[in-house]
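For reference, the structure discussed in these notes is given below.
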Amino acid sequence: MKHLLLAALFLCSCSVICQTDNITSQLYDTYENYKEGSIGKRRIKRADIQPLIDNITANDKFKVQTVGKSIGGKKLSLISIGSGETNVFLWSQMHGDEPTATQAIFDILNFFDSADFKKEKEAILANLTIHFLPMLNPDGAELFQRRNLLGIDINRDALRLQSPESKTLKRVRDSLNADFGFNLHDQSTYYNAERTEKPATISYLAPAYNYEKDINETRGNAMKIIVFMNDILQKYAPGQVGRYNDDFEPRAFGDNIQKWGTSTILIESGGYPNDIEKQEIRKLNYTSILSAIYTIAKKSYETIAIEKYEEIPENDRKLFDLKITGASYNLMGNTYVLDLGINQIEVDYPDHNSFWYSSRILDQGDLSTYYGYETLDATGYTIKQAKVYPRTLNSFEEVKALNFNDILKQGFGYVRLSTFPAKRINSPFPVHLIGAKYNVPELNLSPGINPTFFLEKNGVTEYAVINGFLVNLKKTDINVPNSMIFR
């Protein structure tokens, strides 16, 4: 009997997914019609979304309220649409450097403002009232940092409510007595789905509301929605969904909002190959969140089997930007075999509008249980120190005139310059620039150093690693966004 019941629940779950598969495909395929093109980069600020909010305020379809201000005096806006009795509350960018879902929210608002999907939107808006609070931490967004101006993590302020942003979130949740809540974040791109090489492009959590991790109806409904969203994403990012550990965190908003009676779904946007600005992940947020809103409106999630929640693989953190395996490395007269795990670390420019890379070796040794967005099997290759180009050059223009393919093939990774532009903080070339008196240290591989070296096989230099970016010297393409300056 138990097996028959489980089978019936499984069939019901499949039925729910099948019923909405068509609309989900249409949402994904027509996404570009609704994408808000004015906010296509991750480092968006309150000033970037204010014109969008102004346009929405003038639109009778929506209700816009200023519900609070940040420590820095920036407005916190609540945008609502619909007339249904069920309240759905979505808030984003609690952490200032986590903007993917903020962008997706404005795509969703464009969708609701369109004349398309009339039948589906009528079903949604007649049954739900949907509330969006985008960019809860605008001061952090201004600096592209996690914390607010008080220096605290808003997501650990649910009990003390010290910051005005935290007080606003609590007050809005309580005033709505929201039935469903979507807690929208970004996570590190280095998370992977457990025991796989695939990035955790999207990760979910139905937060626990107590240390015992009990499952009541409120939390159970959140789990059902997550199962639904996972099944959708498997079509577009197969194997790239993770599940957060559900240990209870008594200070966190997600855990407390679950405890306060709102079915809370945490969504974390992670990594996707060749998607530096997370625009494909933004599209997946748009598609899956809108589909989830639709299933809430139709109440079709109710028949989904909670048991499938535990089948989603847990998050792991075993991804590198570049993994090199089996390279030979000579040290003090002996040869060793090393794997190297390298991350291409972003450093913001002072205006926090864009970034450059200062890469690091994160780990080395036996990394057989780790993975890479890019992986090179360097078995049979020997790591060689990068050399200094024999001529001192006088300007960036002289460096620009170099044939970088040729000098890299000769093992030169550094070029000496007599003078530098005063404000230049990195090299725009696929070689490091060094000052007249700078001495390049002997290569001593260790975690924390900038990864710059060459890989040689049978006396031929075939690969370069410059500032953590791999260059195949058998090809003509050189993809090194920037190198370093050592004065």
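Ranked by solvent-accessible area (1.4 Å probe, protein heavy atoms only, all chains present), the residues Lys259, Lys170 order from largest to smallest as Lys259, Lys170. Rolling a 1.4 Å probe over the heavy atoms of the protein chains gives the chain an accessible area of 43 Å² per residue.
Rolling a 1.4 Å probe across all protein chains gives Glu32 an accessible area of roughly 120 Å².
Shown for the chain: the carbon plus sulfur share of the solvent-accessible area, taken with all protein chains present and a 1.4 angstrom probe, equals 49%. In terms of distances greater than 30 angstrom between alpha carbons, the cross-link table entries Lys323/Lys409; Lys45/Lys299; Lys119/Lys224; Lys74/Lys224; Lys118/Lys224 yield Lys45/Lys299; Lys74/Lys224.
Using the Cβ-Cβ distance between Glu442 and Asp477 with R0 set to 25 Å, the FRET efficiency from 1/(1 + (r/R0)^6) comes to roughly 0.25. Val460 contributes an accessible area of around 80 Å² to the protein surface, as traced by a 1.4 Å probe with all chains present.
Please list, by residue number, every one of the chymotrypsin sites (Phe, Trp or Tyr not before Pro) in region 172-225 that is coil in DSSP and has at most 15 other beta-carbon atoms within 10 Å. Here the sparse-neighbourhood loop sites are Tyr211.
The phi torsions of region 250-255, fed into the Karplus equation with coefficients 6.51, -1.76 and 1.60 and a -60° offset, translate into couplings of x, 8, 7, 5, x, 5 Hz, rounded to whole numbers, with Gly and Pro shown as x.
As an equivalent ellipsoid, region 311-391 spans semi-axes of 26, 24, 9 angstrom, where each value is the square root of five times an eigenvalue of the C-alpha gyration tensor, largest first.
Put Ser328, Ser427 in order of accessible area, highest first, and with a 1.4 Å probe you get Ser328, Ser427. When the alpha carbon gyration tensor of region 315-443 is reduced to an equivalent ellipsoid, the three semi-axes, largest first, read 29, 21, 12 Å.
Using the Cβ-Cβ distance between Phe248 and Tyr349 with R0 = 41 Å, the FRET efficiency computed as 1/(1 + (r/R0)^6) comes to roughly 0.55. Largest accessible area first, the listed residues Leu125, Leu159 line up as Leu159, Leu125 when surface is computed with a 1.4 Å probe on the assembled protein chains. Here the chain is described by how far its Cα atoms reach on the three principal axes: 74, 57, 44 Å, from widest to narrowest. Residues in region 457-464 carry Karplus couplings, in order, of 9, 6, x, 10, 7, 10, 9, 10 Hz; the curve used is 6.51 cos²θ - 1.76 cosθ + 1.60 with θ = phi - 60°, and Gly or Pro positions show x.
Put simply, the amide H of Gly68, placed in the peptide plane, has neighbours under 5 Å in Leu76, leaving out anything fewer than 5 places away on its chain.
Note on Thr369 and Asn274: their simple-model spin labels are 3.2 nm apart, each label 7 Å out from Cα toward Cβ. Each residue of region 362-368 was assigned a 3J(HN,Hα) from its phi angle through the Karplus curve 6.51 cos²θ - 1.76 cosθ + 1.60 (θ = phi - 60°); the sequence is 8, 7, 7, x, 7, 10, 5 Hz, with glycine and proline shown as x. Taking amide H atoms as placed 1.01 Å from N in the peptide plane, the amide H of Phe89 lies under 5 Å from those of His131, Phe180, Gly181, Phe182, each 5 or more residues away in sequence or on another chain.
Taking amide H as placed 1.01 Å from N in the peptide plane, the amide H of Asp363 sits under 5 Å from that of Gly341, each at least 5 places away or on another chain. Net charge near Gln65: determine it from the other residues with C-beta under 12 Å of the C-beta of Gln65, scoring Lys and Arg +1 and Asp and Glu -1. Net local charge, Gln65 excluded: +3.
Solvent-accessible area of Arg317, all protein chains in place: 130 Å² (probe radius 1.4 Å, heavy atoms, ligands and nucleic acids excluded).
The values are calculated or read from the model by the stated rules, or taken from the named source; none is laboratory data. Just so it is clear, the structure is predicted and the values come from calculations on it, not from any experiment. Here the Cβ is made from the backbone with ideal geometry for all residues, glycine too, and neighbour counts use every protein chain on show. What goes into the accessible areas is simple: the full protein's heavy atoms, side chains included, and nothing from ligands, DNA or RNA. Shrake-Rupley method; radii C 1.70, N 1.55, O 1.52, S 1.80 Å.
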